Amino acid sequence: MAAKERLDVLLVRQGHFLTRQKAQAAIMAGIVFVDGQRIDKAGVKIEPNSDIQVRGQRQPYVSRGGLKLEKAIKELGFDPAGKILLDIGASTGGFTDCALQHGAKRVYAIDVGYNQLAWSLRQDERVVVMERTNARYLTVEDLPELADAATIDVSFISLALILPATIPLLHADADIVALIKPQFEAGREQVGKRGVVRDEIAHRQVLKQVLALAQELGLGLLGLTFSPITGPEGNIEFLARWQKGAQGRIGEEQIASLVQQAHLSLRAK
C-alpha cells in the first residue's frame, strides 16, 4: 500500500492545481472532496488512490484573500492598473496576485513573517519581496520610490498603528485599500470566543472609530463595503478605500445599514 500524502501535495501532483498555495486556498474554500467527503484541512494525509474531486469554482488567486481585493476593485472603484503598490501584510500574496492580475506595474510585498509568499509570486519580476519587515516602522528611506497606492491586510495589530506609518510612503493623491478587522480593533470585552466579534453594535463602533482616525490623518473615504468572505474563525470584516487629501465621509445611518447588510449576507452562509 502506498504511503499516505498530504492532501495539498496530492492535489498538485495529480494536476488539480499548479501550486500548493492554490490547492490550500481551494481546500479552505470547501470545494475539495475526498471519497465524497468535504475536507477543509490541507495537512490531512490520505491514500494516493483516493477519489479526489474539486467541485465548484476554482480559486483565481494564490489565496482567498485575493477575493477581498477583487471586491474593492469591482465595488469601490479601486484601479491598480499601471500603479506601484505597497501590499502591507502580504502573507501568501492574495492581494499581490489580484493586483498583478489587474495590471499593477510593481508590488512591494511587505510582511513581518517569513517564507509565506507564494513561490509563483517570488519568481515574478514585478514583485519586490520584503519579508521580516514590520510596516509599522517603515520609512521612506526603506523604499527606492514612493508608491501610488497601498493595500493593507494585517492581523494582531490595529490600523491605528499602520495607517500613520503608511501615508508618508505614498504619493500625494494615492489610494489606500484596507481590510478593517473588528477582532483587532474592538475592545477586549467585545471579542468573544475564538476571537470572534459577532455584535452589530461593536462592528458599527469599530467602523466609526477607524473612519474617524483616517479622517484625522487626512484621508478621504471613497468607498466602504464588507468583505465577501469571513476571516478564518468566521469574523465579518470590512473594506475601506481612502485617498490622500480627498474629501469623503459617510454617516452613522450608512454605517449601520452596511453592517446590517454584512450580517444578513455572511451570517446566513
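A search for C-beta distances below 6 Å between a residue of the stretch 199-212 that is within 20 Å of I162 (Cβ to Cβ) and any residue that is surrounded by 21 or more Cβ atoms within 10 Å (Cβ to Cβ), counting only pairs 6+ apart in sequence or on different chains, returns H203/P182; H203/V259; V206/P182; V206/E185; V210/L159; V210/I180. The residues of the stretch 123-142 that are in contact with a Phe, Trp or Tyr (Cβ under 7 Å, 6 or more places away or on another chain) and either assigned to a loop (DSSP other than H, G, I, E, B) or outside the structural domain of A81 (by TED's automatic domain parsing) (or both), listed by number, are E131, R132. Of all the residues in the stretch 236-269, those that are among the hydrophobic types (A, V, I, L, M, F, W, C), surrounded by 12 or more Cβ atoms within 10 Å (Cβ to Cβ) and under 19 Å from V197 (Cβ atoms) number 10.
Residues that are touching a His at 6+ places or on another chain (Cβ under 6 Å), crowded, with 16+ Cβ neighbours inside 10 Å and not small (G, A, S): does the stretch 31-44 have at least one?
no
When the stretch 37-57 is filtered for residues that are in contact with a Lys or Arg (Cβ under 8 Å, 6 or more places away or on another chain), of a type outside the set (D, E) and in contact (Cβ under 8 Å) with a residue 40 or more places away in the chain, the ones remaining, listed by number, are K45, I46, P48.
Residues of the stretch 93-116 that are under 14 Å from the mean Cα position of the chain (by Cα) and more than 19 Å from I162 (Cβ to Cβ): D97, C98.
The values are calculated or read from the model by the stated rules, or taken from the named source; none is laboratory data. Computed from a predicted structure; not experimentally measured. A quick note on method: Cβ atoms are made from the backbone with ideal geometry, for glycine too, and the neighbour counts reach across all protein chains shown.
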